[in-house]
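The block underneath contains the structure these notes are about, expressed in structure tokens.
The values are calculated or read from the model by the stated rules, or taken from the named source; none is laboratory data. Please read all numbers here as calculations on a predicted model, not as lab measurements. Here the Cβ positions follow ideal geometry from the backbone for every residue, glycine too, while neighbour counts run over all protein chains shown.
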Amino acid sequence: MCKVEIDPEKYLGLDFDPWSFSRPERLGISLAVFKDMNVPVILGIDIGNMLDFILDIEFCYKDVPYHSFCHGLDVLVKTHFMLNSMRMANYLTSYDITALLICALCHDAGHVSFFNI
């Protein structure tokens, strides 16, 4: 059984810095955000499959200075913050929230780190 907890004081603020965490911590934070928003339940998958998805996305990101998995995680955490702290989740369906969080993590997967032109 995989137990995932989020410490909001440490992980979920606007000053979150994914580059300051180890790879296992980054994966755990990603999983915790999805779990906190019930994404595995909404998708009908278990935590192991959710982690496999996160690992697959991490693999798709290139090892580049900015458009890396850390950037995707940063956007995921900031999106989670906005959904909760700014109460944006009150205006969205669970499917909207799920799609938004997945897109937040995946949005630059495969980016080669050139400018977006």
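Data for the structure
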| item | result |
| --- | --- |
| Residue check for ILE97: more than 23 Å from PHE21 (Cα to Cα), buried (at least 19 other Cβ atoms within 10 Å of the Cβ) and in contact (Cβ under 8 Å) with a residue 12 or more places away in the chain | yes |
| Any hit, segment 16-36, residues being surrounded by fewer than 18 Cβ atoms within 10 Å (Cβ to Cβ), of a type in the set (Gly, Ala, Ser), at pLDDT below 95 and within 14 Å of the chain's Cα centre (by Cα) | no |
| Any pair with Cβ under 9 angstrom, 6 or more apart, that starts in segment 52-65 at a residue that is within 10 Å of LEU105 (Cβ to Cβ) and of a type in the set (Val, Ile, Thr) and ends at one that is outside any helix (DSSP H, G or I) and modelled with pLDDT under 90 | ILE57/ALA109 |
| Scan of segment 58-117 for residues that are among the polar types (S, T, N, Q) and part of a loop (DSSP other than H, G, I, E, B), ordered by number | SER68, THR93, SER113, ASN116 |
